[in-house]
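Enquirer: Dropping the structure in here first, questions after.
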Amino acid sequence: MNASLPNNKDRRLLRIFVDKLLPWTALQQTPWVVATSRRHDLHLSKPVQMTPRKMRGKEIASGGARRYRNTSTVVRRWPEDHLNAAKMPKLACVLSGYADLQFYDYELHLPESTFIFIPPDVPQPDGSLSHASSSNTKGFCDICWMMPVGDKLHFWACRSEGENHFALQWSNVLFLNQRLNLYLQLLHEEVMTAKKTPPSLIPNLLHLLTLGLQRETNAHNYLQFGQDIHPSWQLQTSVDPITQAQDYINAHYGSVITLESLARIVGMSRSLFAQRFKQKTGQTVGEYLTARRLEEAKNLLCQSEWTVSTISGFVGFHSQNHFYNWFRKQENCSPSEFRKMHQH
């Protein structure tokens, strides 16, 4: 696609990056705050303010006994408080107006241009209530959000006008360049260590992420969220269903893959698919998927300078300890030791 001829959606997205995020992150004094599970762990800087609040209802775990069906990022919910907790980090920015965002036992009052880092498992707004502050002179506020989905980056924006709250559908896109997800992960790691090291890299990483978003928008390298993340992968009815499943795993190993989702893709029952897969490959679906992820992790350890934790998340392990244990089991050494032995 010709990057010099942006379409209507490109122009709208570019306005967010060029008119808002890029100038703010270039200042090197970008206001930001890290959300926490409890207000006594919160560290605020001007002009962000906080108001204590009380929880109304009880926590409800998402998933349960049939957890394998749940591919949602939400792991816990507080329905009466309109909060949930996700298993992935999230980044938000107030694009216009003045916003109020509720967390567990407090509410943040955030002016325009403020960035909010939300670590995994922190109770946060579920999007059902307005974010517009009662003291907002504009009467509305806009917020953009970013979070990883597999090895891609989900971006969207929402608007609150009084008590009304709605998503800006044109902004709900999935950026395909894996680098953007890496930038977000590096930013998250830097934020979480900011108490121990000078946080000077945070504005630079924010600026780098925004530059990447602008470039990918110019190149139209994104999909409307909900489209096939891997459009080049297509189900071939003439191919053996187990081969189809293997091809799918090879293309999607960094994403959430379940036994049931694979069975549904190839049109087989869960039990029959599991039996046939083991007969043909000699491995269960979980063993095959883990082996594929470890294979890609070894390549990255040898060929890149990424940290072990970055590689672990990139190839689909949501727990670094889980990655470490599987790696040592297969290679009889840690990922760091493997890198020292094989990296050129």
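Okay, residues lined up against (1) over 18 Å from HIS109 (Cβ atoms); (2) buried (at least 18 other Cβ atoms within 10 Å of the Cβ); (3) of a type in the set (Asp, Glu):
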residue: VAL122; (1), (2), (3): no, yes, no
residue: LEU129; (1), (2), (3): no, no, no
residue: ILE143; (1), (2), (3): no, yes, no
residue: SER160; (1), (2), (3): no, yes, no
residue: GLN169; (1), (2), (3): yes, no, no
residue: VAL173; (1), (2), (3): yes, yes, no
residue: GLN185; (1), (2), (3): yes, yes, no
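Enquirer: What's the total number of residues in the range 289-315 that are charged (D, E, K, R) and touching a residue at least 24 places away in the same chain (Cβ under 8 Å)?
Expert: Final tally of qualifying residues: 4.
Enquirer: Another question, if that's okay. Evaluate the following for GLN330: is it within 18 Å of SER261 (Cα to Cα), part of a helix (DSSP H, G or I) and not assigned by TED's automatic domain parsing to the domain that holds TYR183?
Expert: Criteria not met by GLN330.
Enquirer: Given the options SER319, SER312, name the one that is under 22 Å from MET147 (Cβ atoms), surrounded by fewer than 16 Cβ atoms within 10 Å (Cβ to Cβ) and modelled with pLDDT under 90. Explain how you work it out, then say what you get.
Expert: On the way: SER312 fails: surrounded by fewer than 16 Cβ atoms within 10 Å (Cβ to Cβ).
Only one candidate passes the filter, namely SER319.
Enquirer: Quick check: is even one residue across the range 218-234 at pLDDT 85 or above, part of a helix (DSSP H, G or I) and either charged (D, E, K, R) or surrounded by 15 or more Cβ atoms within 10 Å (Cβ to Cβ) (or both)?
Expert: Checked against the condition, which is being at pLDDT 85 or above, part of a helix (DSSP H, G or I) and either charged (D, E, K, R) or surrounded by 15 or more Cβ atoms within 10 Å (Cβ to Cβ) (or both), the range 218-234 yields at least one hit.
Enquirer: Can you list residue pairs whose Cβ atoms sit under 8 Å apart, with the first residue in the range 12-30 being in contact (Cβ under 8 Å) with a residue 40 or more places away in the chain and the second being in a loop (DSSP other than H, G, I, E, B) and crowded, with 17+ Cβ neighbours inside 10 Å? Count only pairs 6 or more apart in sequence or on different chains.
Expert: Once the first residue is in contact (Cβ under 8 Å) with a residue 40 or more places away in the chain and sits in the range 12-30, its partners that are in a loop (DSSP other than H, G, I, E, B) and crowded, with 17+ Cβ neighbours inside 10 Å give LEU14/PRO6; LYS20/SER113; TRP24/THR30; TRP24/SER113; THR30/SER113.
Enquirer: If I ask for residues that are more than 25 Å from LEU182 (Cα to Cα) and among the aliphatic types (A, V, I, L, M), which ones from the range 111-150 would you list?
Expert: LEU129, ALA132
Enquirer: Also, quick follow-up: Among the residues of the range 132-178, which ones are of a type in the set (D, E, K, R) and either without any contact (Cβ under 8 Å) to a residue 12 or more places away in the chain or under 19 Å from THR217 (Cα atoms) (or both)?
Expert: ASP151, LYS152
Enquirer: Those residues that are among the hydroxyl-bearing types (Ser, Thr, Tyr) and touching a residue at least 12 places away in the same chain (Cβ under 8 Å), I need them from the range 245-288; list them, please.
Expert: Listed by number, the residues that qualify are TYR248, TYR253, SER255, THR258, SER261, THR281, TYR288.
The values are calculated or read from the model by the stated rules, or taken from the named source; none is laboratory data. Quantities reported herein were computed from a predicted structural model and do not represent experimental measurements. All Cβ positions, glycine included, derive from the backbone under ideal geometry; neighbour counts span all protein chains shown.
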